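Remarks on the structure that follows.
The values are calculated or read from the model by the stated rules, or taken from the named source; none is laboratory data. Please read these numbers as outputs of a predicted model, since none were measured by experiment. FYI the Cβ positions are ideal-geometry reconstructions off the backbone, even for glycines, and counts take in every protein chain you see. Accessible surface areas use protein heavy atoms only, side chains included; no ligands, DNA or RNA. Shrake-Rupley method; radii C 1.70, N 1.55, O 1.52, S 1.80 Å.
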Amino acid sequence: MIIYIIRRLLQIIPIMLGVVLLLFFLFNWVGGDPAYILAGKFSNEEQIANIRHQLGIDRPAYVQIGIFLEQIVTGDFGNSWSTGERVSEIILSRLGPSLTILLPLLFIETLLAITLALAVARIRGSLTDRMIMIFCTIGMSISILVYIIVFQYLFAYRLGWFPVQGWGNSLRENLFTYAMLPILISLMVGLAPNLRLFRSFMLDEISQDYVRTARAKGLSEKRILWIHVLRNASIPIITYIMAALPGLLVGAFLIERFFSIPGIGREVILAVERSDFPVIKAITVYVAIATIFANLLADLIYKAVDPRVELK
Amino acid sequence: MTADTLFFIEHLSIAFRRRQRNPFIAVNDISFAIRENETLAIVGESGSGKSVTALAIIGLLPNIVTQIPVSSRIMYHERNILSISENERRKMRGADFAMIFQEPMTSLNPVMTVGNQIIEVLRFKRHFSRTAARQRCIQLLDEVGLPDPERTTTHFPGQLSGGQQQRVMIAMALACEPRLLIADEPTTALDVTVQKQIIALLKKLKARHQMSILFISHDLALVGEIADRIVVMRHGSIREQGDTSQIFLNPQDHYTRALLQCRPTIDDFPNRLPVIEDFLGERSRVHSDIVKKTIENRNPPILLHADKIYKSFFRHDGLWRKYEIPAVKNISFTLRRGQTLGIVGESGSGKTTLGLTLLRLRRATQGNVTFDRQAIFSLSDQEFLPFRRRMQIVFQNPYASLNPRFTVGQSLIEPILLHRVAPDRKTAIEQALDWLSRVGLSHDVFYKFPHEFSGGQRQRIALARALTVRPDLLILDEPVSALDVSVQAQILNLLKDIQDDFGISYLFISHDLAVVHFLCDNVMVMRQGEATEIGNIREIFQNPKSDYTQQLLDSIPRGILSHA
Amino acid sequence: MSAAVSHYSKGFWQLTWRRLAMDRVGVVSLIIVLMFFMIILFSAFGLIASDWNHEVAINDAPPDLWGILTDKHTSVIQPSSNNTLSEISEPLPELSVVDPLAEDIAKLRTPIDFSSHIIDPLADTLRDIGYSQYVSTDPTTIEKRTSLPFGGDRWGRDVLKKTIKGTQTSLFVGLTAALLATFLGTLFGAFAGYYGSYIDDTLNWIYSVFNAIPYLLLVLAIAAVLQKRGIATVVLILGLTGWTGVFRLIRAEYMKHRAREYVMAARAFGVSSLRIMFIHILPNVSHIVLVEISILTVAFIKSEVILSFLGFGVAVDDVSWGSMLNDAQSELILGHWWELVAAGGAMALLVTAFSLFTDAIRDALDPKAQGAGA
C-alpha cells in the first residue's frame, strides 16, 4: 500500500509539470504581453519596459518558469493587479464562504441522489421510472441561469423568504440565512443529473450475474439492492464524487455571483473580468493540485472498497 | 407421478415477448419428473431451452417479457409453484432449491468476502446466529474441499481460482440444505481436470445430503458420468428421456443418436465424423465413401521449424522493479507440409500465445522460427509481408473474428487485393465467391453482414477468408470450441477436406483431446508454457510418457464407459 | 454488380434507424431537433430574423401571441428617441441597486388592454415603410409597434427574432465545438488506444494535464487571456478543452477492439495500421462518436450560454441565449418576463429534444437489442 502511494505520488510529478507548462504557455504567450494589460491604455515604452522587468518577463523562458514554480511552492503570487491585495490572502479568505455552501450541498445532494436512485432502480422500467427520467431530462435542459434568476426573483425578491443577496460574518448566520437559498437552488439543479447518473450505475450492477445468484439464494429484493447492488455501485459513485469535488469549488461561481457570496467562484469571475492574471493563475494552479490529490484519494478509496483492484 | 417424485413439470411452455415480432418460443410443451435423490440431466445444444427450463423452475425468468400459459404446471409438494406469489417463491429459493451457474467468477459478488456471502444465506434464510453461521460456513467450505477453509472465509472471490469459486458456489447452495440443486453448465468454464473434480464432488455431496440434482449440460459424455436419468432437448422440445444406460446403449431418437456419434472419441480413428443430417435426414446428402488420400511421401518437406521460442510478459512491481511472467518457455517443434500438429493444453498453458507469436502478432522474447527455410523473426515488417500471405489463422470466437461493420464480401476481398492474389477487383470477387462455395456457403452470403449468421456459418466464413490468400500454413486456434457438437463435426470434416484438397499444414490449438485425436498427425502437450510431451498422436494417446498427459486423458468424460 | 445490390442485407446503421423509427419519443425529439436546424439554416442565410437588431416596437413591448392572427399589433409613430443601439454596451443595473419603485413601474408597464385601442387600418402599410426606412433615414419619426408576438426587449427589438438569432448562435457554437472536440478526442484516442506504449503515455499525459484543471476553470482562464470575444473564440475555447471525455472513451474502445479477433485477423494479413484504425475499427466505434457529439453539443450549448451571460462569450453586437438571459435578468425585476421565457424556453426545448434523442439513439444502438451477441 505504501509503495502504491509513493508510486502514485511520483506519477503526479509529470502531471504537475504539465499543468505548470500549460498555464505558463497560456498566460505568457496566448494572451499576448501581460505588460500591456497591466499598463493599461495610457502608457509609454519606458513604463512597459519597466513593468516587463518587474514581472520578469524580459528574462528567458526557463527563468520565468522557475519563478512560476517558486511562486507555486511558496504560495506567494504577489499582489492582485486590480486591488493590490495579496493573492494568497484573497484565496484564503474566499475559501470559507465557498465551503459553507459546498459541504452541506454535497452531503445532502449525494444522500438524496443515492436514495432516490435506489428507489428508482427498484421500479426500473415502470411508467413512474420513465416519467421521472423524462422529468430529469427536462429539468436538466433548463439553463442553470434560468433557475437562479427565477428563484432569486420569486423567493427572495417577490416573496421575501430569503435575503436577496449578501454575506454575514458568523458561520451560523451565513449557513442559516444567506446560504439557504443558494443551497436550495444548487440542490434542485444538481439532483437531476446525479440521480440519472447514479441510477445508471445501479442498473449496470443489477444486470450482473451476482445479482442473479443473490436472487437464487432467495434474498429479499431490499437486501439485494441495499447490500449487494449498493456496495458495488458505490465504487463508481465515490470515484465520480471525488473527481468532481474540486470542480465544484469553482462550479458554484454563478450562484456566488448572483448572491454576492465572496467565494472562490466569484473571485474567478471578477479576476477574469479585470484581467487579473495573478489571481486566476494562483486559483487555477491550486485547484489543479487539489484535483490531482482528490483523484489520488479517489483511487485509494477505490482500492479500499474494491478488492478487485490490483495495485499497479 | 410416483411416490418418490420431487418435482413434476407438466406441459411447460415458455415464450419471450419481443418488440414488433411474434414471441419467441423457448420451451414448447415439455413434461418430465425429477425424483428424490436422483440426478436428472437435461442435455441439449444452444437454443434447446434447457437453461430456460431451469430458470423457470427456480423462478428467475424476467417477469416482464416471459409468457407462461396457465396450462403449464410445475408441481412441488402438491402445489403448482408457477401460480404461487412471488414472495412465497422467494422464500422457497435458497431453502427448497438452490442453483449454481456456468460462470462462477461473475456469479459471486466481487466486493463481498466469500464467507459473508455464505453466512448471509445461513442468517437470513435459515436464521442461524452470527457465530453459528460462521461455524457452519467453515464446515461447508471444508466439505466442498477448499484448503484452509477458515482463511478462505475472508477471501474475496477474485482471490480464488475458477475451480475454487465454483466450490464456493456449491457451498453456498448447500448452506440451504436444498431438496433440489440446479447446476447450469457448472463445469463448462473450467478446465477438464478441474471439471472432473467438481463432478466427483457433486456426486459425493448428493449422496451425503440426500438431495436431487438437476444437471444442465451440452455435453452428453459428461452427463453420462453423473446422471441417473437424461432428458434430451432440442429447439425447445423433449426429443427423448430415459435412464442413462438406455440413452447411451439404446437411444430411440435419431437426434440422440446423432449427439452420441458426432463427438469424436479417442478410441477410434474415423476419417470422417457423422454429421447430424446423416441421422435426421433433414437434407439428403450423398457423400462418396471417403478414403483418405494416402500420402505417398511419409516424410514431406519441413514447412515450419520453431527453435526454442520464449515469450514473456512484464509486470511492474514495487517502485521500479519489473518482473517477468513467462508465457511460453523454450518451445521447439517441426511441422511438415500437409500435416497437422496439435497443441493441447489447459487455460494458461501458453498455447494461444505460442500461435500468435509464430505469426509475429506478438513479439517473441527469444528464439527462432524458420518458415520454408527462411528465418522469419529477423525480417523487417516489410520483408515479412509476403509471408503473411502464406501463414494464416482462424480464431476461436466466431462472433468476434469477423468485422461486424464489413459485409462478408468486403472481409474476403480485402486480403485478396492486398496480396494481389487476383489481378483486379472483378476476379477477386469471383475468387471470393468460389471460396464461399468451397466452405459450403451459398453466394448470397457475400452481400450479408456477419450478424445474420450462426456460429458455425461464421466459422466457415472466417475459414474462407483465411483461405483466400492460399496459405501454406493455417493456425487453427480452438476453431470449434465455441460451437455446438453437431456443428463441430461439420467444421472438423470440412477442415479435413480442405487439407486433403490443398495440402495445407495445420497447427491445431485446442484444449479438447478428442478433437485433436481426430484431426492431428502429431501432438504437443503444453503445461504452464512448457512442452511436456511431443510426438505421434497414436503413440502419445496409447502410451503417454508424462503424468500430466495421463491425467488429461483420464479427465476426458466418456459417458457410461467410465463406469464400465 | 447492379443486380447484386438487392442481395445486400441490412447493415448496422439501417437496423439502428429501423429501431429508432419505432421509438416514438425518439422520433418526436428528432423532428424537433431537425426543426431547430432548419431555423438556424434559414437564419444563417438571412432568410429570417436578419433584422433582429432593429427597433421595431416601443421599449419593452409586451407579448401578444394572438395578435398574429387578429393583427392587433397597433403601430404608433413616435419621435425617434436617443435610444440607439450603442446603449447595449451600457452596464446593466445590478440586483443590488434595484429601484425600490420597480414593482410599481412594473405594474404601470403591464400589457395594455388592446381591445380599447383603435386599430389603424394603415398599420400594415406603415410598418412596411417603417421597415424599409429604418432609423437613421428618418431622424424625426419612426413607426413603432406597441406589442409583438413574443414581446420586445428594452430597446424595442423583437424578442422572437432575437430568439431565432440567439438559437443560431448557440446551436452553431455548440455543434461546431462538439465536432471539433470529438474530432480531436477520437483522433488522439485512436492513436493512444491502438498503438499503446509511448504514444499512449504521451497522449495520456496531455489528457491528465487537461483533466487536472476543472473544465470551467480552464475555460474561464482561457477566456481571461484571450481578449478577443466572438463566436470563433468560443468554439475554439470549448473545442480545445472539451475533447478529454471523448479521448478516454475512444481510447478504451480502441484498446478493446485491438485485442478482438477481427483486428488480429487483419493484422495477420498485414493490413496497415492506419487502415486498421480508421477503416476497420472506426466504424465499430462510430456509434460512440455519434453519441458523444450529441452529448457534447448539449454540454457546449450550456457552457456557451453561461460564458455569454457573463460577457466572456459572443461579441456585444451578437446575440446568443446567454446574452438574452443577461438582458432578461434585469428585465425580470421590472416584471418583463417574456425574454426570459423565450430564451430559456427555446433552450430547454432544444436541449430536452437533443437529450431525449441521444437517449433514443443510444437505445437503438444497444448491442444487446441487436441479437448479434453470443
>> I need the phi-derived Karplus couplings for the stretch B:541-552: 6.51 cos²θ - 1.76 cosθ + 1.60, θ = phi - 60°, integer Hz, Gly and Pro marked x.
In response: 6, 7, 9, x, 8, 9, 4, 5, 4, 4, 4, 4
> Can you tell me the accessible area per residue over the stretch A:161-236, all protein chains present, probe 1.4 angstrom, in square angstrom?
Replying inline: 44
> If you plug each phi of the stretch B:423-428 into the Karplus form 6.51 cos²θ - 1.76 cosθ + 1.60 with θ = phi - 60°, what whole-Hz ³J(HN,Hα) values come out, in order, with x for Gly and Pro?
Replying inline: x, 8, 5, 5, 5, 4
> Ignoring ligands, DNA and RNA, what percent of the accessible area of the protein assembly as shown is carbon or sulfur (1.4 Å)?
Replying inline: 57
> Between residue B:539 and residue B:417, what is the spin-label point distance in nm, taking each point 7 Å from the Cα along the Cα→C-beta axis?
Replying inline: 4.9
> If you take the accessible area of A alone, add that of B alone, and subtract the area of the pair, what total do you get in Å², probe 1.4 Å, to the nearest 100?
Replying inline: 2400
> Using a 1.4 Å probe, what is the accessible area per residue for the stretch B:429-564, in Å²?
Replying inline: 35
> With the solvent-accessible surface defined on protein heavy atoms using a 1.4 Å probe, which residues belonging to the stretch C:259-278 display a reduction of at least 10 Å² in accessible area in the multichain context relative to the isolated chain?
Replying inline: C:260, C:261, C:262, C:264, C:265, C:267, C:268, C:269, C:270, C:271, C:275
>> For the protein assembly as shown, what does the helix formula give at 222 nm: sum of -39500 (n - 2.57) over DSSP H segments with n ≥ 4, over the residue count, nearest 500 deg cm²/dmol?
In response: -16500 deg cm²/dmol
> Using the Cβ atoms and a cut-off under 15 Å, what net charge is assigned to the surroundings of residue B:246, where Lys and Arg are +1 and Asp and Glu are -1?
Replying inline: -2
>> What number comes out for accessible area per residue over the stretch C:281-374 if the probe is 1.4 Å? Units Å², please.
In response: 30
> With all protein chains present and a 1.4 Å probe, how do A:302, C:198, A:210, A:178 order by accessible area, largest first?
Replying inline: C:198, A:302, A:178, A:210
> Within chain B, what's the longest stretch lacking GluC sites (Glu not before Pro) that sit in DSSP loops with no more than 12 other Cβ atoms inside 10 Å?
Replying inline: B:297-564
> Ignoring ligands, DNA and RNA, how much accessible area is buried between chains B and C, both sides summed, with a 1.4 Å probe, to the nearest 100 Å²?
Replying inline: 2900
> What is the list of residues in the stretch A:114-145 whose amide nitrogen lies under 14 Å from a point 7 angstrom out from the Cα of residue A:222, following Cα to Cβ?
Replying inline: A:119
> Whose amide H sits under 5 Å from the amide H of residue C:269, counting only residues 5 or more places off or on another chain, with H placed in the peptide plane?
Replying inline: none
>> Give me the residues in the stretch B:378-404 whose solvent-accessible area, probe 1.4 Å, is reduced by at least 40 Å² once all protein chains are included instead of the chain isolated.
In response: B:388, B:392, B:395, B:399, B:400, B:403
>> Taking R0 as 56 Å, what FRET efficiency do you get between residue A:187 and residue B:315 from their Cβ-Cβ distance, rounded to the nearest 0.05?
In response: 0.75
> Given R₀ = 35 Å, FRET efficiency for residue A:203-residue A:1 by Cβ-Cβ distance, to 0.05?
Replying inline: 0.60
> How would you order C:211-217, B:105-111 from highest to lowest mean count of nearby Cβ atoms within 10 Å?
Replying inline: C:211-217, B:105-111
> To the nearest Å, what is the center-to-center distance of the stretch A:55-101 and the stretch C:299-324, using C-alpha atoms only?
Replying inline: 29
>> Compute the distance from the alpha-carbon center of the stretch B:480-558 to that of the stretch B:56-94, in whole Å.
In response: 44
> Taking amide H positions as placed 1.01 Å from N in the peptide plane, with prolines and chain starts having none, which residues 5 or more places from residue B:533, or on another chain, fall under 5 Å of its amide H?
Replying inline: B:525
>> Less than 12 Å Cβ to Cβ from residue A:215, Lys/Arg counted +1 and Asp/Glu -1: what total charge do the surrounding residues give?
In response: +3
> Relative to the Cα centre, what is the charge dipole magnitude of the protein assembly as shown, using +1 at the beta carbon of each Lys and Arg, -1 at the beta carbon of each Asp and Glu, and rounding to the nearest 20 debye?
Replying inline: 3180
> residue B:182's amide H: which non-local residues (gap 5+, or another chain) put their own amide H closer than 5 Å, with H modeled 1.01 Å from N in plane and none for Pro or chain starts?
Replying inline: B:98, B:99, B:100, B:214
> Using alpha-carbon positions, what is the distance between the centroids of the stretch A:172-225 and the stretch B:384-403, in Å?
Replying inline: 47
> Once fully extended, how much extra length lies between residue C:41 and residue C:273, figured as 0.36 nm per residue of separation less the alpha-carbon to alpha-carbon distance?
Replying inline: 79.6 nm
> Which of the residues in the stretch C:173-214 show a loss of at least 50 Å² in accessible area from their chain by itself to the complete set of protein chains, at a probe of 1.4 Å?
Replying inline: C:205, C:209, C:212, C:213, C:214
> What is the interface area between chains A and C, defined as buried accessible area summed over both chains with a 1.4 Å probe, reported in Å² to the nearest 100?
Replying inline: 3900
>> Spelling out what I want: for every residue of the stretch C:241-256, take phi, set θ = phi - 60°, compute 6.51 cos²θ - 1.76 cosθ + 1.60 (Karplus), and round to whole Hz; glycine and proline get x.
In response: 9, x, 7, 5, x, 4, 3, 4, 5, 5, 4, 4, 5, 5, 5, 5
>> Suppose each label sits 7 Å from its Cα in the direction of the beta carbon; what would the residue B:430-residue B:91 distance come out to in nanometres?
In response: 7.7
> Say each of residue A:93 and residue B:129 gets a label point 7 Å from the Cα, pointing the same way as Cα to Cβ; how far apart are those two points in nm?
Replying inline: 6.5
>> So if a site counts as exposed when it's one of the trypsin sites (Lys or Arg not before Pro), its DSSP state isn't H, G, I, E or B, and it has at most 12 other Cβ atoms within 10 Å, what's the longest stretch of chain B without one?
In response: B:20-282
